[in-house]
Amino acid sequence: MDLALGAMGSLLPKLGEILKEEYKIQTTVRQDVESFSRELGSMRATLRRVSEVPRDQLDEEIKLWASDVRELSYNMEDIVDSLLVRVKGSGAEADMDGFKELVSKMKGLFKKGKARRQIANAIKDIKEQVQDVAARHMRYKADDGVFANLAAATRVTAVDPLLVALYEDKQRLVGIENARDELIEKLRLTDDDESKQPKILSIVGFGGLGKTTLAKAIYDKVESEFDCAAFVSVSRSPDIKKVFKDLLFEVDKEKYMTLSGATLDEKLLISQLQESLGEKRYMIVVDDIWDVSSWKTIKYALTGSKCGSRIITTSRSVSVSRECCSYDDDMVYNMQPLSDDDSKRLFYNRIFSRNNVCPTELQQVSVNILKKCAGIPLAIITLASHLASNQQIKPISQWYALLNSIGTGLTKGDTNLEEMRRILSFSYYDLPSHLKTCLLYLSVFPEDYKINRNRLIRRWIAEGFIQGDNLFEIGVSYFNELVNRSMIQVSKFDDFGEPKSCRVHDMMLDLICDLASEEKFVTIMDFIKVDTPFETKVRRLSVQKVDLANTRLATSSISQVRSFTIFSPAINQMLPLPRFEVLRVLDLEDCDLEGTSGHLDLSCVGDLLHLRYLGLRNTKLHKIPTEIGKLLFLQTLDLKGVHKDAKELPASVIQLRNLMYLYVNRGTYLPVGYKNLTSLQELRYPMFTEDGNPEELGYLTELRVLKFCLPSRYPPEKLLILLESLDKLHKLQSLVNTTDDGEKIDNLGDWVPSSPQLRHLLLRGWYQAMPTGISSSSLPLLSYLEIYVHQVRLEDIQVLGTLPALRHLDLESDDVDVDTATEQEREMERSFMFRADAFPRLIYCKFRDVLFAPHMFPRGAMPMVKELYFGLLVSDILSGGEWDLCLRNLPSLRSVMIKLHGEDKSDRYYEAKTAVKTAGDNHPNRPFTRTWN
């Protein structure tokens, strides 16, 4: 759903449900709904075309028409949802699930005269509004072909500013010298690769980082070493024929001087190119690749040579770069921002010419401006050009004016800054419509804010941006696509190597805030926009750092606001909840509700009947309102970080049949009857008490993530029932249990979850032996395993090594008894060796109180492991002969920690400690090495 479509993406499916045969509405009303549904479908199709055109290329009348349609869709969905709310509360059974099941109850409303008239009047009013907007649509279509020109607008091509990098003054390049020389060295021809496929280097990063500049610098330095060379650009809307023609021209200028006018098909051009390259050793740069299909076509013409040729590609997409590098010796290079020193050099070079000296009075403001640029060359160059236009350095007052403008919207009216905006816009307008909406929604969050991925996805769901089945998985794919396109930057990864949070670069945030404001998609209240007039209805409101008493919002109507987010600096400006009538998202995360003046009263939260998302994380709330149980449409309830006294959820929570995500403080009690929460997909850290009924858990069959607490002395008979209930959760992907006092439960027998979807398993309980259910066939997706086993056998280690997706392993034993081990057992341990293909994806590996021996790491085992923890016997290290841990066979190793057993602070202990340190020092990576006993 694109932002220009307003609520139409979620509205049209609802109208379709209303029109089903089982819903016997009045004939005239039904005809009205059918009529405007068809019209809305036509409008939606046109709006999708509008959304693909940059806003500055649209006619003003079309902008106004699109705005009208968006507002109309919001109003219509509010009416439809109001009907649903009335249905939810209209009967004794206020516990029906989902929209489809609600429809049948709506029949009863039409049997009541007053309700029937109200609904008929509302639909009549909608019909009139649709007809009015549709009439203007027809006028615009007939008026000078405005809509007919939309396609032409998308074909308007301006000079790509990135071409400037191709003609950069080589003496003034800054910050890429080291990367250039490093990559050139890696591309050098070696004795054994003259007969290989071309080696490919793919440079990846978001627009403005200097990918093209780096590629051109490498190209210029080495092109003379090749038989022929070419540098071509693909661009966002590629003409593949032109790319091939450009390649042919650069490979053999004399032969193909007139090729640009020839009418050759793609197949013939590929054949010509392959013939021209022949057995030549070439260097080719393919710049600015936006999609995989374009690369596959180009690659087909280039990779037949076996003469040690080299290809460099650049892309803003990680997935494209990975596709470019299909052979083992190919390389992906992630562009990094400039260092502080290089940023200054580039900035000062552009402003103060070659003397590179900044006047004292401009040094501090320069540092502040460069901080906003965050090492992005394009941003630095753009802003420097703005400050030194027409070879005149602007006065210090304009430097501060520029500094204050960054972060609130790119300065308008300056061609350099407009170029910056336009370059950033390239990536934005290349997004599919649904990703444009998801990206602009990030304008809700303040500058430099670390945005939790899951929080963001749950909000997308609540807003209706994601449609279909498996909403969260779809949301993850949307998030990852924005990362791959370099629109957002990952700020933290989780234990699976998956993004946990992100941030938006200041310059990109400026752009999306401006677009969101222009489209009236999000209204941002910060310290700059105090005097926002609110001439139109506010639909999504983000209050960041402003005194609302100084704005018109204090007295304006906010009844139509769908999303309200307030951040901690502004919590004392919290608006009264009763003023919101159709609120779907209320997010107060990290706001100290106990510290607000008069303490915020949340008892009226139950009146927000449209609410889908209630975020109260880290708010120190003392009491969870009973009224939450009235929020029958609620999907997310986040109570993690409320006050520690709020130990129990109100009994009314069990009425929330649409609840999908429930987060509570560790050890919070669930009310009796929680089995009714059958839509739950995530449940984090409730306490299952000794007197509770664990059978209820087995009814929550939609659970993907379950993290819970148990008393350490949980009754064995209850534990058995709990494990049987867990076996009914076939969609489970993550299972974690803790205990109230940190002790482990004993004994789990041979039980492990039966879900084939399991990715994350952490059980704070002892197994006597490794459970047989842990194997590559039963848990093929398992990525994280933390497990406690009394007696660990060497064959158990080999089984764990076969898990194909395992990235994090923490295995603890308590059965290390060096003194009682037989010589036969010790000999088996000394001869133990991992299989050569063991632990193919493992990154973190911890064997606590598990003994190994030298020579256990063959070449090929643990190729990705970075952190390694295990135990050794001092006597094995000092047994004489050649002692070798074979750590050098672990190419990714960064840290190794070894617990020494059998000697305690003796001379032999220190001798063994030195031997281990030497083994670490001899590793090419020089990993951090630590030993202790």
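Listing for the model above:
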| item | result |
| --- | --- |
| Residues (without any contact (Cβ under 8 Å) to a residue 24 or more places away in the chain and under 38 Å from the mean Cα position of the chain (by Cα)) located in the stretch 218-247 | S237, D239, K242, D246 |
| Of the criteria (1) modelled with pLDDT of 85 or more; (2) under 24 Å from the mean Cα position of the chain (by Cα); (3) not in a helix (DSSP H, G or I), which one G497 fails | (1) |
| Residue that is in a loop (DSSP other than H, G, I, E, B) and in contact with a strand residue (DSSP E or B) (Cβ under 8 Å, 6 or more places away or on another chain), where the choices are S305, S237 | S305 |
| Residue count for the stretch 483-494, restricted to those that are buried (at least 20 other Cβ atoms within 10 Å of the Cβ) and at pLDDT 80 or above | 2 |
| Every residue from the stretch 639-660 that is loosely packed, with under 15 Cβ neighbours inside 10 Å and among the basic types (K, R) | K644, K647 |
| Residue match in the stretch 632-644 (condition: of a type in the set (K, R) and farther than 27 Å from D590 by Cβ) | no |
| Strands (runs of 3 or more DSSP E) (entirely within the stretch 699-812) containing at least 2 residues that are of a type in the set (V, I, T) | 734-739, 784-791 |
| Residues of the stretch 245-277 that turn out to be in contact with a helix residue (DSSP H, G or I) (Cβ under 6 Å, 6 or more places away or on another chain), at pLDDT 85 or above and either assigned to a loop (DSSP other than H, G, I, E, B) or exposed (fewer than 13 other Cβ atoms within 10 Å of the Cβ) (or both), as a count | 0 |
| Residue within the stretch 913-926 that is surrounded by 14 or more Cβ atoms within 10 Å (Cβ to Cβ), farther than 20 Å from C845 by Cα and modelled with pLDDT of 85 or more present | yes |
| Selection count where residues are touching a Leu at 6+ places or on another chain (Cβ under 8 Å), buried (at least 20 other Cβ atoms within 10 Å of the Cβ) and within 22 Å of G497 (Cβ to Cβ), scope the stretch 838-856 | 4 |
| Cross-chain or 6+ apart pairs with Cβ under 8 Å, the stretch 334-354 first and at positive phi, then assigned to a loop (DSSP other than H, G, I, E, B) and among the hydrophobic types (A, V, I, L, M, F, W, C) | none |
| Meets criteria (touching a residue at least 40 places away in the same chain (Cβ under 8 Å) and surrounded by fewer than 16 Cβ atoms within 10 Å (Cβ to Cβ)) for R713 | no |
| Residue within the stretch 598-614 that is among the hydrophobic types (A, V, I, L, M, F, W, C), in contact with a His (Cβ under 9 Å, 6 or more places away or on another chain) and assigned to a loop (DSSP other than H, G, I, E, B) present | no |
| Residue satisfying all of: in the stretch 859-892; surrounded by fewer than 18 Cβ atoms within 10 Å (Cβ to Cβ) and over 18 Å from N925 (Cβ atoms); modelled with the lowest pLDDT among these | G881 |
| Which numbered condition N178 misses (of (1) crowded, with 16+ Cβ neighbours inside 10 Å; (2) modelled with pLDDT of 85 or more) | (1) |
| Some residue of the stretch 423-432 being at pLDDT 80 or above, buried (at least 16 other Cβ atoms within 10 Å of the Cβ) and of a type in the set (D, E) | no |
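The values are calculated or read from the model by the stated rules, or taken from the named source; none is laboratory data. Note that the structure is a prediction, hence the values are computed from the model and not measured. All Cβ positions, glycine included, derive from the backbone under ideal geometry; neighbour counts span all protein chains shown.
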